[in-house]
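The values are calculated or read from the model by the stated rules, or taken from the named source; none is laboratory data. Being a predicted model, the structure only gives us computed values, none of them experimental. Note: ideal-geometry Cβ built from the backbone for every residue, glycine included; neighbour counts use all protein chains shown. Only protein heavy atoms, including side chains, enter the accessible area calculation; ligands, DNA and RNA are left aside. Shrake-Rupley method; radii C 1.70, N 1.55, O 1.52, S 1.80 Å.
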Amino acid sequence: MARIAGLAVGFYPSLVLWSSQGLKDGAIVFSLALAILATLKLGQKLNWIYLVMLVAALFFVLALRFYVFYMLLAAIGGAFLIGMRALTAQSVARQFVVVLALGLSLTYLGVTRYANLEFARFGSLETVQRSRADAARSAQSGFNQDVDVSSTAGALSTIPLGIVYLLFAPFPWQLGSLRQSLTLPEMVVWWASFPMLVTGLWFSIKHRLRQMSAILIFTSMLTVAYSVFQGNVGTAYRQRAQLLVFYFIFVAVGFVLLKEKREEKARRAQEEREASRRRPVWQRPLPKSHVADAPLEG
């Protein structure tokens, strides 16, 4: 599963594009992945190296895209609160030490003060509405231009369609130039892999909820936030890179589950054929053609 997810992230065209162009999206994705990795490792064992990595990753995320910092911090805090392993006295003490050390480190570095200032400047629905309206109307690929997200009801109403655009855009009828048409092959691959993402997500929630809690909380929050904030197909396509690196984990889980199901089906069929060969001739089932031609008993 890890190998498949790694290959998908390493060779998916849009992820390669943002990295090769030197845009900050590549650095953001790296910082997010590093933060989640350090969180998972700290959930298993207290390690000061991973704690330093986590603090550094959070610092870089705040510097590159401050609003993602809040969601990442909430996901990390929620993961430690839920517990990524069975709750014992040792695990509770470890999680308490990690959260305390993380809070003190961020406060000492001035991260919390800077985050509060940025939130005071941009953390309102009115600001989100102005930014979204400008993105939706300043380009031909804008969508939901008339939606007003300055109120809670308006923000909630735009989530369903916003998620559809965030996950699946650009659509074939929106490809108006050769440059836009270059995205079609990778989008076909992404659309085809979405059922595996749903399967992998369901399996992870059902069997690995504690271990996957940090990833689940973060991707859910960021998906909902971008569905409200984004009003432009091009921007949504670019911002999706921050989620794809985690979506591909669930796609890989679904792919492995599908592969194991097929292998299990083939194994059972092989066992039935071998068991049939070991039976005496008179106990073997008749071929379907012979069964169809057999006279009816009356």
| Filtered residue count, the stretch 13-36, keeping only those that are modelled with pLDDT of 90 or more and of a type in the set (Ser, Thr, Tyr) | 1
| note | Cβ pairs under 8 Å, 6+ apart or interchain, first in the stretch 183-199 and over 19 Å from LEU7 (Cα atoms) and open to solvent by 60 Å² or more (accessible area, probe 1.4 Å), second of a type in the set (A, V, I, L, M) and part of a helix (DSSP H, G or I), ordered by first then second residue, are THR199/VAL253; THR199/LEU257; THR199/LEU258
| said: Among (1) closer than 22 Å to ALA8 by Cβ; (2) open to solvent by less than 70 Å² (accessible area, probe 1.4 Å), there is one condition ARG208 misses while meeting the rest; what is its number? | reply: (2)
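Can you give me the number of residues within the stretch 153-173 that are under 19 Å from LEU244 (Cβ atoms) and either aromatic (Phe, Trp, Tyr) or in contact (Cβ under 8 Å) with a residue 12 or more places away in the chain (or both)? Don't jump to the end; show me each part of the working.
Of the residues in the stretch 153-173, the ones under 19 Å from LEU244 (Cβ atoms) are 162-171.
Applying the additional criterion that residues be either aromatic (Phe, Trp, Tyr) or in contact (Cβ under 8 Å) with a residue 12 or more places away in the chain (or both) yields 162-163, 165-171.
Adding up the residues that qualify gives 9.
Filter the stretch 57-66 for residues that are part of a helix (DSSP H, G or I) and open to solvent by less than 60 Å² (accessible area, probe 1.4 Å) and give the result. Break it down into steps so the answer makes sense when it comes.
Quick first cut of the stretch 57-66, residues part of a helix (DSSP H, G or I) only: 57-64, 66.
Selection gives ALA57, LEU58, VAL61, LEU62, LEU64, PHE66.
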| remark: Residue pairs within 9 Å by beta carbon, gap of at least six or interchain, first lying in the stretch 6-22 and farther than 20 Å from SER193 by Cα and assigned to a helix (DSSP H, G or I), second open to solvent by 60 Å² or more (accessible area, probe 1.4 Å) and not hydrophobic (A, V, I, L, M, F, W, C), listed first then second, are TRP18/LYS24; TRP18/ARG238
| query | Of these, PRO195, PRO170, which one is part of a loop (DSSP other than H, G, I, E, B) and within 24 Å of the chain's Cα centre (by Cα)? | reply | PRO170
| query | Is it the case that some residue within the stretch 36-45 is of a type outside the set (Ser, Thr, Tyr) and part of a loop (DSSP other than H, G, I, E, B)? | reply | yes
| note | When (1) open to solvent by less than 50 Å² (accessible area, probe 1.4 Å); (2) farther than 30 Å from LEU58 by Cβ are applied to TYR226, the one that fails is (2)
| Residue list for the stretch 1-33, filter: open to solvent by 50 Å² or more (accessible area, probe 1.4 Å), in contact with a helix residue (DSSP H, G or I) (Cβ under 7 Å, 6 or more places away or on another chain) and within 23 Å of ARG208 (Cα to Cα) | MET1, ILE4
| note | The number of residues in the stretch 34-56 that are open to solvent by 40 Å² or more (accessible area, probe 1.4 Å) and either charged (D, E, K, R) or touching a residue at least 60 places away in the same chain (Cβ under 8 Å) (or both) is 3
| Subset of the stretch 86-124 that is within 28 Å of the chain's Cα centre (by Cα) and loosely packed, with under 12 Cβ neighbours inside 10 Å - its residue that is modelled with the highest pLDDT | LEU100
